[in-house]
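Participant: Dumping the structure here so I can ask a few things about it.
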Amino acid sequence: MPAVGIAVGDNKKEYPGNLTPFVTVTCIVAAMGGLIFGYDIGISGGVTSMPSFLKKFFPSVYRKQQADETSNQYCQYDSPTLTMFTSSLYLAALLASLVASIVTRKFGRKLSMLFGGVLFCAGAIINGVAKAVWMLILGRILLGFGIGFANQSVPLYLSEMAPYRFRGALNIGFQLSITIGILVANVLNYFFAKIHGGWGWRLSLGGAMVPALIITVGSLVLPDTPNSMIERGQHDEAREKLRKVRGVDDVDEEFNDLVAASEASMKVEQPWRNLLQRKYRPHITMAVMIPFFQQLTGINVIMFYAPVLFNTIGFGSNASLMSAVITGVVNVVATMVSIYGVDKWGRRFLFLEGGFQMLICQAVVAACIGAKFGVNGNPGELPKWYAIVVVLFICIYVAGFAWSWGPLGWLVPSEIFPLEIRSAAQSINVSVNMLFTFIVAQIFLTMLCHLKFGLFLFFAFFVVLMSIFVYYFLPETKGIPIEEMGQVWKTHWFWSRYVTDEDYPKAGGYEMTKGGQGPKNV
(Lines give C-alpha, C1' and ligand atoms only; values in the text may rest on other atoms or scores of the structure.)
Protein backbone atom coordinates (compact mmCIF):
# COMPACT_ATOMS: atom_id res chain seq x y z
CA MET A 1 0.00 0.00 0.00
CA PRO A 2 1.59 3.29 -1.07
CA ALA A 3 1.99 5.90 1.60
CA VAL A 4 -0.17 8.95 1.09
CA GLY A 5 1.18 11.96 2.94
CA ILE A 6 0.49 15.62 3.29
CA ALA A 7 3.28 17.60 1.72
CA VAL A 8 4.10 20.97 3.20
CA GLY A 9 6.74 23.12 1.57
CA ASP A 10 9.83 21.15 0.62
CA ASN A 11 8.27 17.69 0.92
CA LYS A 12 7.80 18.31 4.61
CA LYS A 13 5.12 15.93 5.84
CA GLU A 14 2.49 16.42 8.48
CA TYR A 15 0.96 13.55 10.40
CA PRO A 16 -2.49 14.01 11.92
CA GLY A 17 -2.55 14.06 15.70
CA ASN A 18 -3.22 16.13 18.78
CA LEU A 19 -1.50 16.90 22.06
CA THR A 20 -3.74 14.59 24.09
CA PRO A 21 -3.97 14.54 27.90
CA PHE A 22 -2.75 10.93 27.72
CA VAL A 23 0.49 11.77 25.94
CA THR A 24 1.02 14.90 28.05
CA VAL A 25 0.76 12.98 31.33
CA THR A 26 2.87 10.16 29.91
CA CYS A 27 5.65 12.53 28.87
CA ILE A 28 5.57 14.34 32.22
CA VAL A 29 5.97 11.06 34.10
CA ALA A 30 8.75 9.90 31.78
CA ALA A 31 10.54 13.24 31.98
CA MET A 32 10.82 12.78 35.74
CA GLY A 33 13.68 10.44 34.90
CA GLY A 34 15.73 13.63 34.81
CA LEU A 35 15.18 14.13 38.53
CA ILE A 36 17.83 11.56 39.45
CA PHE A 37 20.46 13.26 37.27
CA GLY A 38 19.59 16.72 38.54
CA TYR A 39 19.38 15.71 42.19
CA ASP A 40 22.83 14.17 42.00
CA ILE A 41 24.37 17.22 40.29
CA GLY A 42 22.90 19.51 42.94
CA ILE A 43 23.66 17.35 45.96
CA SER A 44 27.34 16.71 45.19
CA GLY A 45 28.56 20.29 45.49
CA GLY A 46 26.45 20.90 48.59
CA VAL A 47 27.74 18.02 50.68
CA THR A 48 31.34 18.68 49.64
CA SER A 49 31.04 22.16 51.15
CA MET A 50 29.68 20.83 54.49
CA PRO A 51 32.48 20.88 57.09
CA SER A 52 31.17 17.75 58.88
CA PHE A 53 31.25 15.74 55.63
CA LEU A 54 34.74 16.93 54.76
CA LYS A 55 36.03 16.28 58.28
CA LYS A 56 34.84 12.66 58.17
CA PHE A 57 35.89 11.67 54.65
CA PHE A 58 38.32 14.29 53.36
CA PRO A 59 40.23 15.64 56.39
CA SER A 60 43.01 17.24 54.31
CA VAL A 61 40.44 19.42 52.50
CA TYR A 62 38.77 20.21 55.84
CA ARG A 63 42.06 21.44 57.28
CA LYS A 64 42.67 23.72 54.26
CA GLN A 65 39.10 25.00 54.47
CA GLN A 66 39.54 25.92 58.15
CA ALA A 67 42.95 27.49 57.59
CA ASP A 68 43.65 31.22 57.66
CA GLU A 69 41.43 32.94 55.08
CA THR A 70 44.39 34.98 53.82
CA SER A 71 45.76 31.81 52.18
CA ASN A 72 45.22 30.95 48.53
CA GLN A 73 41.47 30.49 48.22
CA TYR A 74 41.74 29.05 44.71
CA CYS A 75 43.35 25.83 45.99
CA GLN A 76 41.50 25.02 49.22
CA TYR A 77 39.41 22.26 47.62
CA ASP A 78 42.14 20.79 45.39
CA SER A 79 41.96 17.08 46.30
CA PRO A 80 42.13 14.13 43.85
CA THR A 81 40.08 11.98 46.26
CA LEU A 82 37.35 14.59 46.58
CA THR A 83 37.07 15.00 42.83
CA MET A 84 37.02 11.21 42.39
CA PHE A 85 34.02 11.13 44.74
CA THR A 86 32.17 13.48 42.38
CA SER A 87 33.42 12.26 39.02
CA SER A 88 33.37 8.47 39.53
CA LEU A 89 29.62 8.57 38.90
CA TYR A 90 30.07 9.86 35.37
CA LEU A 91 32.64 7.25 34.42
CA ALA A 92 30.16 4.58 35.57
CA ALA A 93 27.38 6.29 33.60
CA LEU A 94 29.55 6.18 30.49
CA LEU A 95 30.01 2.41 30.79
CA ALA A 96 26.34 1.83 31.63
CA SER A 97 25.13 3.78 28.58
CA LEU A 98 26.89 1.29 26.30
CA VAL A 99 24.98 -1.62 27.86
CA ALA A 100 21.80 0.44 28.01
CA SER A 101 21.71 0.85 24.23
CA ILE A 102 21.31 -2.92 23.84
CA VAL A 103 18.62 -3.11 26.54
CA THR A 104 16.77 -0.14 25.06
CA ARG A 105 16.77 -1.62 21.56
CA LYS A 106 16.00 -5.25 22.44
CA PHE A 107 13.62 -4.88 25.38
CA GLY A 108 12.20 -1.38 25.07
CA ARG A 109 12.69 2.04 26.66
CA LYS A 110 10.66 1.19 29.78
CA LEU A 111 12.95 -1.60 31.00
CA SER A 112 15.98 0.62 30.61
CA MET A 113 14.26 3.26 32.77
CA LEU A 114 13.43 0.61 35.37
CA PHE A 115 17.06 -0.51 35.59
CA GLY A 116 18.09 3.12 35.98
CA GLY A 117 15.73 3.69 38.90
CA VAL A 118 16.68 0.49 40.76
CA LEU A 119 20.45 1.02 40.41
CA PHE A 120 20.20 4.67 41.45
CA CYS A 121 18.16 3.70 44.53
CA ALA A 122 20.81 1.15 45.56
CA GLY A 123 23.55 3.76 45.21
CA ALA A 124 21.59 6.28 47.29
CA ILE A 125 21.18 3.79 50.14
CA ILE A 126 24.90 2.96 50.22
CA ASN A 127 25.89 6.64 50.19
CA GLY A 128 23.39 7.49 52.92
CA VAL A 129 24.88 4.92 55.32
CA ALA A 130 28.52 5.31 54.20
CA LYS A 131 31.20 4.83 56.83
CA ALA A 132 34.27 5.13 54.60
CA VAL A 133 35.35 6.72 51.33
CA TRP A 134 35.18 3.40 49.45
CA MET A 135 31.47 3.14 50.33
CA LEU A 136 30.91 6.65 48.99
CA ILE A 137 32.61 5.81 45.71
CA LEU A 138 30.79 2.43 45.41
CA GLY A 139 27.51 4.25 45.90
CA ARG A 140 28.50 6.85 43.32
CA ILE A 141 29.29 4.12 40.80
CA LEU A 142 25.82 2.58 41.27
CA LEU A 143 24.28 6.04 40.93
CA GLY A 144 26.24 6.39 37.70
CA PHE A 145 24.90 3.10 36.34
CA GLY A 146 21.40 4.35 37.07
CA ILE A 147 21.99 7.67 35.30
CA GLY A 148 23.52 5.90 32.30
CA PHE A 149 20.35 3.84 31.79
CA ALA A 150 17.96 6.75 32.43
CA ASN A 151 19.77 9.24 30.19
CA GLN A 152 19.87 6.66 27.41
CA SER A 153 16.17 5.85 27.46
CA VAL A 154 14.22 8.92 28.64
CA PRO A 155 15.11 11.39 25.83
CA LEU A 156 14.41 8.69 23.22
CA TYR A 157 11.09 7.84 24.88
CA LEU A 158 10.00 11.48 24.88
CA SER A 159 11.02 12.13 21.26
CA GLU A 160 9.18 9.01 20.07
CA MET A 161 6.03 9.58 22.12
CA ALA A 162 5.51 13.29 21.45
CA PRO A 163 3.64 14.65 18.40
CA TYR A 164 6.32 16.21 16.20
CA ARG A 165 4.86 19.73 16.48
CA PHE A 166 5.29 19.59 20.27
CA ARG A 167 8.35 17.35 20.41
CA GLY A 168 10.71 20.12 21.49
CA ALA A 169 8.59 21.30 24.43
CA LEU A 170 7.79 17.80 25.69
CA ASN A 171 11.37 16.58 25.33
CA ILE A 172 12.67 19.58 27.27
CA GLY A 173 10.55 18.29 30.15
CA PHE A 174 13.56 16.01 30.76
CA GLN A 175 15.85 19.01 31.20
CA LEU A 176 13.23 20.74 33.34
CA SER A 177 13.25 17.72 35.65
CA ILE A 178 17.04 17.92 35.82
CA THR A 179 16.83 21.57 36.88
CA ILE A 180 14.10 20.82 39.43
CA GLY A 181 16.28 18.02 40.82
CA ILE A 182 19.19 20.45 41.15
CA LEU A 183 17.01 23.05 42.89
CA VAL A 184 15.50 20.54 45.32
CA ALA A 185 18.98 19.25 46.15
CA ASN A 186 20.28 22.80 46.78
CA VAL A 187 17.34 23.64 49.06
CA LEU A 188 17.75 20.40 51.03
CA ASN A 189 21.50 20.97 51.38
CA TYR A 190 20.83 24.44 52.78
CA PHE A 191 18.54 23.11 55.52
CA PHE A 192 20.32 19.81 56.19
CA ALA A 193 23.61 21.67 56.73
CA LYS A 194 22.00 23.36 59.77
CA ILE A 195 21.24 20.05 61.55
CA HIS A 196 23.09 19.85 64.86
CA GLY A 197 25.52 16.99 65.09
CA GLY A 198 26.71 17.38 61.49
CA TRP A 199 24.91 14.36 60.05
CA GLY A 200 22.70 16.29 57.62
CA TRP A 201 24.85 15.14 54.69
CA ARG A 202 23.46 11.61 55.19
CA LEU A 203 19.95 12.92 54.54
CA SER A 204 21.19 14.77 51.46
CA LEU A 205 22.83 11.68 49.96
CA GLY A 206 20.16 9.21 51.08
CA GLY A 207 17.40 11.50 49.83
CA ALA A 208 18.33 10.42 46.29
CA MET A 209 16.10 7.40 46.94
CA VAL A 210 13.01 9.59 46.40
CA PRO A 211 13.67 10.52 42.74
CA ALA A 212 14.91 6.95 42.19
CA LEU A 213 11.58 5.56 43.38
CA ILE A 214 9.70 8.04 41.17
CA ILE A 215 11.39 6.81 37.98
CA THR A 216 11.14 3.16 39.12
CA VAL A 217 7.40 3.35 39.71
CA GLY A 218 6.94 5.52 36.62
CA SER A 219 8.65 2.96 34.39
CA LEU A 220 6.23 0.30 35.61
CA VAL A 221 3.09 2.30 34.76
CA LEU A 222 4.20 3.99 31.53
CA PRO A 223 3.14 2.57 28.15
CA ASP A 224 5.85 1.61 25.70
CA THR A 225 6.33 3.80 22.63
CA PRO A 226 4.80 2.65 19.32
CA ASN A 227 8.30 2.76 17.79
CA SER A 228 9.63 0.36 20.41
CA MET A 229 6.65 -1.99 20.09
CA ILE A 230 7.03 -2.15 16.30
CA GLU A 231 10.75 -2.80 16.74
CA ARG A 232 9.83 -5.88 18.80
CA GLY A 233 7.19 -7.14 16.34
CA GLN A 234 4.06 -6.03 18.23
CA HIS A 235 2.39 -4.35 15.23
CA ASP A 236 -1.28 -4.61 16.20
CA GLU A 237 -0.65 -3.32 19.70
CA ALA A 238 1.55 -0.56 18.29
CA ARG A 239 -1.20 0.65 15.93
CA GLU A 240 -3.70 0.85 18.79
CA LYS A 241 -1.17 2.58 21.00
CA LEU A 242 -0.43 5.11 18.24
CA ARG A 243 -4.16 5.89 17.92
CA LYS A 244 -4.36 6.49 21.67
CA VAL A 245 -1.19 8.58 21.75
CA ARG A 246 -2.19 10.79 18.79
CA GLY A 247 -5.87 11.04 19.74
CA VAL A 248 -7.07 10.29 16.17
CA ASP A 249 -8.07 7.14 14.26
CA ASP A 250 -6.25 8.11 11.06
CA VAL A 251 -2.72 7.01 11.94
CA ASP A 252 -2.10 4.74 8.93
CA GLU A 253 0.46 7.00 7.30
CA GLU A 254 2.59 7.48 10.40
CA PHE A 255 2.21 3.81 11.33
CA ASN A 256 3.33 2.67 7.86
CA ASP A 257 6.33 4.99 8.05
CA LEU A 258 7.30 3.57 11.45
CA VAL A 259 6.93 0.00 10.20
CA ALA A 260 9.01 0.71 7.09
CA ALA A 261 11.69 2.38 9.22
CA SER A 262 11.65 -0.59 11.59
CA GLU A 263 12.01 -3.07 8.70
CA ALA A 264 15.01 -1.13 7.46
CA SER A 265 16.33 -1.16 11.01
CA MET A 266 15.96 -4.94 11.30
CA LYS A 267 18.18 -5.44 8.26
CA VAL A 268 21.00 -3.82 10.17
CA GLU A 269 22.81 -6.64 11.94
CA GLN A 270 25.56 -4.51 13.42
CA PRO A 271 24.15 -1.07 14.36
CA TRP A 272 27.47 0.01 15.86
CA ARG A 273 29.37 -0.80 12.67
CA ASN A 274 26.53 0.68 10.64
CA LEU A 275 27.19 4.04 12.30
CA LEU A 276 30.36 4.33 10.24
CA GLN A 277 28.46 4.54 6.95
CA ARG A 278 28.93 7.75 5.02
CA LYS A 279 25.24 8.73 5.20
CA TYR A 280 25.40 8.77 9.01
CA ARG A 281 28.37 11.14 9.12
CA PRO A 282 26.26 14.18 10.16
CA HIS A 283 24.37 12.19 12.82
CA ILE A 284 27.56 10.92 14.46
CA THR A 285 29.18 14.34 14.28
CA MET A 286 26.25 15.81 16.20
CA ALA A 287 26.18 12.88 18.66
CA VAL A 288 29.80 13.68 19.55
CA MET A 289 30.14 17.44 19.18
CA ILE A 290 26.91 18.57 20.89
CA PRO A 291 27.55 16.77 24.22
CA PHE A 292 31.25 17.67 23.97
CA PHE A 293 30.47 21.38 23.72
CA GLN A 294 27.63 21.11 26.25
CA GLN A 295 30.09 20.07 28.96
CA LEU A 296 32.72 22.60 27.93
CA THR A 297 30.34 25.51 28.41
CA GLY A 298 31.49 25.23 32.03
CA ILE A 299 27.96 24.72 33.36
CA ASN A 300 28.81 21.66 35.42
CA VAL A 301 31.54 23.65 37.12
CA ILE A 302 28.76 25.93 38.35
CA MET A 303 26.22 23.20 39.13
CA PHE A 304 28.51 20.55 40.69
CA TYR A 305 30.52 22.96 42.71
CA ALA A 306 28.27 26.03 43.10
CA PRO A 307 28.54 26.04 46.93
CA VAL A 308 32.25 25.22 46.72
CA LEU A 309 32.79 27.93 44.11
CA PHE A 310 30.86 30.58 46.06
CA ASN A 311 32.68 29.55 49.22
CA THR A 312 35.99 29.85 47.38
CA ILE A 313 35.21 33.39 46.23
CA GLY A 314 34.53 34.59 49.73
CA PHE A 315 30.99 33.60 50.70
CA GLY A 316 30.39 31.95 54.05
CA SER A 317 29.19 28.34 54.18
CA ASN A 318 25.47 29.20 54.57
CA ALA A 319 25.71 32.06 52.07
CA SER A 320 27.31 29.79 49.49
CA LEU A 321 24.52 27.23 49.85
CA MET A 322 21.90 29.97 49.53
CA SER A 323 23.64 31.30 46.40
CA ALA A 324 23.41 27.80 44.94
CA VAL A 325 19.67 27.82 45.68
CA ILE A 326 19.32 31.13 43.83
CA THR A 327 21.08 29.77 40.73
CA GLY A 328 18.88 26.68 40.98
CA VAL A 329 15.71 28.80 40.84
CA VAL A 330 17.06 30.68 37.82
CA ASN A 331 17.85 27.35 36.16
CA VAL A 332 14.26 26.10 36.53
CA VAL A 333 12.61 29.33 35.37
CA ALA A 334 14.89 29.71 32.34
CA THR A 335 14.23 26.11 31.29
CA MET A 336 10.52 26.96 31.19
CA VAL A 337 11.39 29.74 28.74
CA SER A 338 12.94 27.10 26.50
CA ILE A 339 9.83 24.92 26.75
CA TYR A 340 7.76 27.89 25.59
CA GLY A 341 10.06 28.95 22.77
CA VAL A 342 11.82 25.92 21.33
CA ASP A 343 9.04 25.03 18.88
CA LYS A 344 8.37 28.72 18.12
CA TRP A 345 11.83 30.22 17.74
CA GLY A 346 13.71 27.08 16.70
CA ARG A 347 16.75 25.23 17.98
CA ARG A 348 19.43 27.29 16.21
CA PHE A 349 18.21 30.65 17.55
CA LEU A 350 18.29 29.41 21.15
CA PHE A 351 21.70 27.77 20.71
CA LEU A 352 23.26 30.97 19.34
CA GLU A 353 21.56 33.42 21.71
CA GLY A 354 22.46 31.28 24.73
CA GLY A 355 26.07 31.03 23.58
CA PHE A 356 26.42 34.81 23.27
CA GLN A 357 24.86 35.35 26.70
CA MET A 358 27.17 32.81 28.37
CA LEU A 359 30.23 34.32 26.70
CA ILE A 360 29.55 37.83 28.03
CA CYS A 361 28.86 36.53 31.55
CA GLN A 362 32.01 34.40 31.67
CA ALA A 363 34.12 37.39 30.68
CA VAL A 364 32.52 39.56 33.39
CA VAL A 365 32.86 36.90 36.12
CA ALA A 366 36.52 36.33 35.16
CA ALA A 367 37.15 40.07 35.40
CA CYS A 368 35.39 40.34 38.79
CA ILE A 369 37.27 37.41 40.34
CA GLY A 370 40.56 38.48 38.76
CA ALA A 371 40.20 42.04 40.09
CA LYS A 372 39.61 40.92 43.69
CA PHE A 373 41.60 37.70 43.97
CA GLY A 374 44.41 38.41 41.52
CA VAL A 375 46.76 35.48 40.97
CA ASN A 376 47.63 34.82 44.61
CA GLY A 377 44.05 34.00 45.68
CA ASN A 378 44.04 36.44 48.58
CA PRO A 379 40.94 38.65 48.26
CA GLY A 380 41.14 40.58 51.50
CA GLU A 381 37.82 42.14 52.50
CA LEU A 382 35.07 41.48 49.92
CA PRO A 383 32.40 44.21 49.69
CA LYS A 384 28.72 43.30 49.48
CA TRP A 385 28.31 44.80 45.99
CA TYR A 386 31.01 42.46 44.71
CA ALA A 387 29.11 39.39 45.90
CA ILE A 388 25.90 40.69 44.31
CA VAL A 389 27.61 41.31 40.95
CA VAL A 390 29.20 37.83 40.88
CA VAL A 391 25.93 36.06 41.76
CA LEU A 392 23.98 38.22 39.27
CA PHE A 393 26.22 37.39 36.31
CA ILE A 394 26.46 33.74 37.25
CA CYS A 395 22.65 33.69 37.30
CA ILE A 396 22.47 35.33 33.86
CA TYR A 397 24.99 32.76 32.64
CA VAL A 398 22.92 29.90 34.10
CA ALA A 399 19.80 31.30 32.43
CA GLY A 400 21.56 31.41 29.06
CA PHE A 401 22.56 27.77 29.40
CA ALA A 402 19.16 26.69 30.75
CA TRP A 403 17.22 27.88 27.70
CA SER A 404 19.81 26.79 25.14
CA TRP A 405 22.57 24.23 25.51
CA GLY A 406 21.04 22.58 28.58
CA PRO A 407 17.81 21.25 27.09
CA LEU A 408 18.87 21.30 23.43
CA GLY A 409 21.94 19.22 24.18
CA TRP A 410 19.54 16.35 24.94
CA LEU A 411 16.72 17.24 22.55
CA VAL A 412 18.54 17.63 19.24
CA PRO A 413 20.56 14.38 19.31
CA SER A 414 17.49 12.37 20.40
CA GLU A 415 15.38 13.64 17.48
CA ILE A 416 17.83 13.39 14.56
CA PHE A 417 18.74 9.69 14.59
CA PRO A 418 17.01 7.25 12.18
CA LEU A 419 15.44 4.26 13.93
CA GLU A 420 18.06 1.78 12.68
CA ILE A 421 20.86 3.58 14.54
CA ARG A 422 18.82 5.38 17.21
CA SER A 423 19.78 3.33 20.29
CA ALA A 424 23.44 3.01 19.32
CA ALA A 425 23.78 6.69 18.38
CA GLN A 426 22.02 7.83 21.55
CA SER A 427 24.44 5.65 23.49
CA ILE A 428 27.33 7.52 21.87
CA ASN A 429 25.65 10.81 22.75
CA VAL A 430 25.29 9.80 26.42
CA SER A 431 28.79 8.29 26.54
CA VAL A 432 30.46 11.43 25.19
CA ASN A 433 28.40 13.54 27.59
CA MET A 434 29.41 11.42 30.57
CA LEU A 435 33.05 11.17 29.45
CA PHE A 436 33.51 14.94 29.35
CA THR A 437 31.41 15.43 32.47
CA PHE A 438 33.82 13.02 34.16
CA ILE A 439 36.88 14.82 32.81
CA VAL A 440 35.62 18.29 33.76
CA ALA A 441 34.55 17.13 37.23
CA GLN A 442 37.85 15.35 37.79
CA ILE A 443 40.13 18.22 36.82
CA PHE A 444 38.05 21.31 37.67
CA LEU A 445 39.35 21.91 41.20
CA THR A 446 42.94 21.40 40.03
CA MET A 447 42.33 23.75 37.09
CA LEU A 448 40.83 26.33 39.46
CA CYS A 449 43.96 26.09 41.60
CA HIS A 450 46.30 26.61 38.62
CA LEU A 451 44.32 28.70 36.10
CA LYS A 452 42.61 30.75 38.81
CA PHE A 453 40.16 33.29 37.32
CA GLY A 454 41.44 32.29 33.87
CA LEU A 455 39.34 29.12 34.20
CA PHE A 456 36.27 31.11 33.16
CA LEU A 457 38.12 32.38 30.08
CA PHE A 458 39.08 28.78 29.26
CA PHE A 459 35.40 27.81 29.08
CA ALA A 460 34.52 31.04 27.27
CA PHE A 461 36.87 30.01 24.45
CA PHE A 462 34.86 26.83 23.93
CA VAL A 463 31.60 28.81 23.99
CA VAL A 464 32.94 30.76 20.99
CA LEU A 465 33.88 27.53 19.20
CA MET A 466 30.52 25.87 19.82
CA SER A 467 28.60 28.90 18.57
CA ILE A 468 30.60 28.87 15.33
CA PHE A 469 29.92 25.13 15.00
CA VAL A 470 26.15 25.60 15.42
CA TYR A 471 26.04 28.53 13.00
CA TYR A 472 27.70 26.63 10.17
CA PHE A 473 26.91 22.96 10.73
CA LEU A 474 23.64 22.46 12.64
CA PRO A 475 20.47 22.64 10.51
CA GLU A 476 17.10 23.63 11.98
CA THR A 477 15.05 20.60 13.07
CA LYS A 478 11.89 22.15 14.52
CA GLY A 479 8.56 20.95 13.16
CA ILE A 480 9.95 17.96 11.24
CA PRO A 481 8.56 14.44 11.95
CA ILE A 482 11.20 12.28 13.56
CA GLU A 483 11.11 9.67 10.74
CA GLU A 484 11.38 12.43 8.10
CA MET A 485 14.53 14.04 9.52
CA GLY A 486 16.66 12.95 6.54
CA GLN A 487 15.58 15.99 4.55
CA VAL A 488 17.46 18.43 6.79
CA TRP A 489 20.78 16.85 5.86
CA LYS A 490 20.05 16.63 2.13
CA THR A 491 19.43 20.37 1.87
CA HIS A 492 22.30 21.50 4.11
CA TRP A 493 25.22 23.27 2.41
CA PHE A 494 27.83 20.94 3.97
CA TRP A 495 26.09 17.68 4.90
CA SER A 496 24.47 17.27 1.47
CA ARG A 497 27.82 15.94 0.22
CA TYR A 498 27.41 12.95 2.58
CA VAL A 499 23.63 12.43 2.46
CA THR A 500 22.03 11.94 -0.96
CA ASP A 501 18.58 11.36 -2.47
CA GLU A 502 19.51 7.70 -2.64
CA ASP A 503 19.86 7.59 1.16
CA TYR A 504 16.64 9.52 1.77
CA PRO A 505 14.41 9.62 -1.34
CA LYS A 506 13.11 13.04 -2.37
CA ALA A 507 9.52 12.37 -1.39
CA GLY A 508 10.35 11.46 2.17
CA GLY A 509 11.89 8.64 4.13
CA TYR A 510 11.71 4.86 4.07
CA GLU A 511 8.01 4.75 3.32
CA MET A 512 8.64 6.17 -0.13
CA THR A 513 10.92 3.33 -1.12
CA LYS A 514 8.36 0.86 0.11
CA GLY A 515 5.25 2.34 -1.44
CA GLY A 516 6.85 3.45 -4.68
CA GLN A 517 4.81 6.63 -4.65
CA GLY A 518 5.50 10.06 -3.25
CA PRO A 519 3.12 12.02 -1.08
CA LYS A 520 0.28 13.75 -2.80
CA ASN A 521 0.13 17.50 -2.50
CA VAL A 522 -2.91 18.56 -0.56
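The values are calculated or read from the model by the stated rules, or taken from the named source; none is laboratory data. What you see is a predicted model; the values in this text were computed from it and never measured. Every residue, glycine as well, gets a Cβ built from its backbone with ideal geometry; the counts of neighbours run over all protein chains shown. Surface areas here come from the heavy atoms of the whole protein model, side chains and all, with no ligands, DNA or RNA. Shrake-Rupley method; radii C 1.70, N 1.55, O 1.52, S 1.80 Å.
Participant: With Cβ to Cβ distances under 11 Å as the rule, what net charge do the other residues near residue 348 carry (K, R +1; D, E -1)?
Facilitator: With Lys, Arg at +1 and Asp, Glu at -1, the net is 0.
Participant: Express in Å², to the nearest 10, the accessible area of residue 281 obtained by rolling a 1.4 Å probe over the protein heavy atoms while all chains stay in place.
Facilitator: Per-residue accessible area (residue 281): approximately 90 Å².
Participant: In nanometres, what is the gap between the two model label sites at residue 500 and residue 18, each 7 Å from Cα along Cα-to-Cβ?
Facilitator: Output for this residue pair reads 4.5 nm.
Participant: In addition: Which pairs in the list 56/384; 244/344; 241/279; 279/490; 244/490; 110/279 are over 21 Å apart, alpha-carbon to alpha-carbon?
Facilitator: Those over the limit are 56/384; 244/344; 241/279; 244/490; 110/279.
Participant: Taking the full set of protein chains and a 1.4 angstrom probe, give the accessible area of residue 492 in square angstrom, rounded to the nearest 10.
Facilitator: 20
Participant: If you don't mind, another one. Rolling a 1.4 angstrom probe over the protein heavy atoms, how many square angstrom per residue are accessible across the range 387-517?
Facilitator: On a per-residue basis, 32 Å².
Participant: Next up: Along the principal axes of its C-alpha atoms, what lengths does the range 188-233 span, in descending order and rounded to whole Å?
Facilitator: Result for the range 188-233: principal-axis Cα extents of 57, 14, 13 Å.
Participant: Can you work out the Karplus-derived ³J(HN,Hα) for every residue in the range 141-148? Use 6.51 cos²θ - 1.76 cosθ + 1.60 with θ = phi - 60°, whole Hz, and x for glycine or proline.
Facilitator: Listing the rounded values in order: 5, 5, 4, x, 4, x, 5, x Hz.
Participant: Further question on the same structure: At a 1.4 Å probe radius, which order do 285, 500, 477 fall into by accessible area, largest first?
Facilitator: 500, 285, 477
Participant: Now, a different point. Calculate one ³J(HN,Hα) per residue across the range 226-240 by plugging θ = phi - 60° into the Karplus curve 6.51 cos²θ - 1.76 cosθ + 1.60, and present them in order as whole Hz with x for glycine and proline.
Facilitator: Once rounded to whole Hz, the list reads x, 4, 5, 5, 5, 4, 9, x, 8, 5, 4, 5, 5, 5, 5.
Participant: Which whole-Hz ³J(HN,Hα) couplings does the range 88-105 yield from phi under the Karplus relation 6.51 cos²θ - 1.76 cosθ + 1.60, θ = phi - 60°, glycine and proline marked x?
Facilitator: 4, 4, 7, 5, 5, 5, 4, 5, 5, 5, 5, 6, 4, 5, 6, 4, 4, 6
Participant: Contour minus end-to-end for residue 285 and residue 471, with contour as 0.36 nm per residue of separation and end-to-end as the Cα-Cα distance?
Facilitator: 65.5 nm is the gain from fully extending residue 285 to residue 471.
Participant: Per DSSP H run of n ≥ 4, the term is -39500 (n - 2.57); total these for the chain, divide by its residue number, and report the mean residue ellipticity at 222 nm rounded to 500 deg cm²/dmol.
Facilitator: It comes out at -24000 deg cm²/dmol, rounded to the nearest 500.
Participant: Okay, moving on. Going by alpha carbons, how many degrees (0 to 90, nearest 10) lie between the helix axis of 109-128 and the longest principal axis of the chain?
Facilitator: For 109-128 against the chain, the angle is about 10 degrees.
Participant: Could you tell me the relative contact order of the chain? Use alpha-carbon pairs under 8 Å, at least six residues apart, and round to a whole percent.
Facilitator: 27
Participant: Any idea what % of Cα-Cα pairs in the chain are farther than 41 Å?
Facilitator: 21
Participant: Which value, in debye to the nearest 20, describes the size of the charge dipole of the chain about its Cα centre when Lys and Arg Cβ atoms bear +1, Asp and Glu Cβ atoms bear -1, and nothing else is charged?
Facilitator: It comes to approximately 1020 debye.
Participant: Give, in nm to one decimal, the length gained when the segment between residue 220 and residue 461 is fully stretched (0.36 nm per residue of separation minus the Cα-Cα distance).
Facilitator: 82.3 nm
Participant: OK, next. Measure off 7 Å from each Cα along the Cα-to-Cβ vector at residue 263 and residue 243, then give the distance between these two points in nanometres to one decimal.
Facilitator: 2.2
Participant: OK, next. Could you tell me which residue out of 126, 463, 479 lies farthest along the dipole of the chain toward its positive end? Charges go on the beta carbon: Lys and Arg +1, Asp and Glu -1, centred on the Cα centre.
Facilitator: Of the listed residues, the answer is 126.
Participant: Please find the FRET efficiency linking residue 443 to residue 60, where r is the Cβ-Cβ separation and R0 is fixed at 22 Å, and quote it to the nearest 0.05.
Facilitator: 0.75
Participant: Which length gain, in nm to one decimal place, applies between residue 203 and residue 106 when the Cα-Cα distance is subtracted from 0.36 nm times their residue separation?
Facilitator: Between residue 203 and residue 106, full extension yields 31.2 nm more.
Participant: If you rank 205, 451 by how much accessible surface each has, with a 1.4 Å probe, what is the order from largest down?
Facilitator: From most exposed to least exposed: 451, 205.
Participant: Between exposed GluC sites (Glu not before Pro) in the chain, where DSSP calls loop and at most 10 other Cβ atoms lie within 10 Å, what's the longest gap?
Facilitator: Of all site-free stretches, the longest is 1-268.
Participant: Taking Rh as the Kirkwood radius computed over C-alpha pairs, what is the Stokes-Einstein D of the range 182-306 at 37 °C in a medium of viscosity 0.692 mPa s, expressed in µm² per second?
Facilitator: 169
Participant: Would you list 32, 358 from the most to the least accessible area, probe 1.4 Å?
Facilitator: 32, 358
Participant: Residue 477's amide H: which non-local residues (gap 5+, or another chain) put their own amide H closer than 5 Å, with H modeled 1.01 Å from N in plane and none for Pro or chain starts?
Facilitator: Amide H to amide H, under 5 Å and 5 or more residues apart or across chains, residue 477 pairs with 347, 348.
Participant: Along the Cα→Cβ direction, 7 angstrom out, place labels at residue 196 and residue 363. What is the inter-label distance in nm?
Facilitator: Rounded to a tenth, the inter-label distance reads 5.2 nm.
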